[in-house]
1. So for the chain, taking the charge dipole from beta-carbon charges (+1 Lys/Arg, -1 Asp/Glu), which of Thr63, Gly102, Ala20 sits furthest toward the positive end?
2. Report the chymotrypsin sites (Phe, Trp or Tyr not before Pro) located in segment 1-48 that are in a DSSP loop and have at most 12 other Cβ atoms inside 10 Å of their Cβ, or state none.
3. Give me a comma-separated list of calculated 3J(HN,Hα) values for segment 62-78, in order, Karplus coefficients 6.51, -1.76, 1.60 applied at θ = phi - 60°, integers in Hz, x for any Gly or Pro.
4. Near the amide H of Val115, under 5 Å away, which other amide H atoms are found, from residues 5 or more places off or on another chain, if H is placed in the peptide plane?
5. I need the Kirkwood Rh of segment 1-127: take the reciprocal of the average 1/r across all distinct C-alpha pairs and report it in angstrom.
6. Which cross-chain or sequence-distant (5 or more) residues have an amide H under 5 Å from the amide H of Leu89, H modelled 1.01 Å from N in plane?
7. Checking a compactness column here: for segment 1-64, what do you get for Rg(Cα) / (2.2 N^0.38 Å), N being the number of residues?
8. Considering only segment 26-127, what is the antiparallel percent among its DSSP beta bridges, to the nearest 5?
Amino acid sequence: MRVVILFGSEMGTAELTAEAIADELATHDVSLYDMFDFHPADLDADDFHIVVCSTYGDGELPTGAEPFFKILDATAPDLTGLRFAVFGLGDIIYGDTFNRGGEICAEKLVARGAVQVGEHARHDSSTDIKPGEMAREWAATLPLHEPVGASA
Ligand SMILES: Cc1cc2nc3c(=O)[nH]c(=O)nc-3n(C[C@H](O)[C@H](O)[C@H](O)COP(=O)(O)O)c2cc1C
């Protein structure tokens, strides 16, 4: 089983965080992509997907993640059976829009039939917690393999 890590980043923090996750999961077959370079048609339900995404504007996706989700919304692929986990990045000083980027990713994938698994992580850059360290610990908890007997 392949682990596909997709990151959406404006200033590079989510990219570095995605690299830390790839490093943590290095015993698996891991592929890492900027969402800007990844087409929704390449989503494969046989792969486990990890979305690492920051938040910009007023609770919006970073610019690099927008084309991916525009195409996803427009083509509306059936993602039934696709399992994914989200590590979001944001800053609590933005109040109501805290970590909306990762939440938007999850909502759009679930709307296509994908299933979110594991804890939805929300890094807060107002804290001293380093996103790479938090992400490594989080990645180690992910249920990468489907429980035996879970599929129909
Ligand atoms: C202009 C700007 C707008 C932002 N808007 C939000 C926001 O609405 N909600 C939030 O939680 N974080 C917001 N952030 C914080 C970033 O998401 C956070 O710093 C993140 O770690 C940046 O990751 P990146 O370097 O991968 O883009 C904003 C940051 C900037 C500079």
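1. Gly102
2. Sites meeting the loop and neighbour criteria: none at all.
3. So the Karplus estimates, Gly and Pro as x, are x, 3, x, 8, 5, x, 4, 6, 5, 5, 4, 5, 6, 8, 6, x, 7 Hz.
4. Long-range HN contacts for Val115: Gly81, Leu82, Arg83, Phe84.
5. That comes to 14.3 Å for segment 1-127.
6. Under 5 Å from the amide H of Leu89: Cys53, Ser54, Thr55, Gly102, His123.
7. Taking the Cα Rg and dividing by 2.2 N^0.38 Å, one obtains 1.12.
8. Percentage antiparallel, nearest 5: 10.
Coordinate-derived values only; no laboratory data. Given the structure is predicted, the values throughout are model-derived calculations rather than measurements. When we count neighbours, we look across all protein chains shown, and the Cβ atoms used for this are built from the backbone with ideal geometry, even at glycine.
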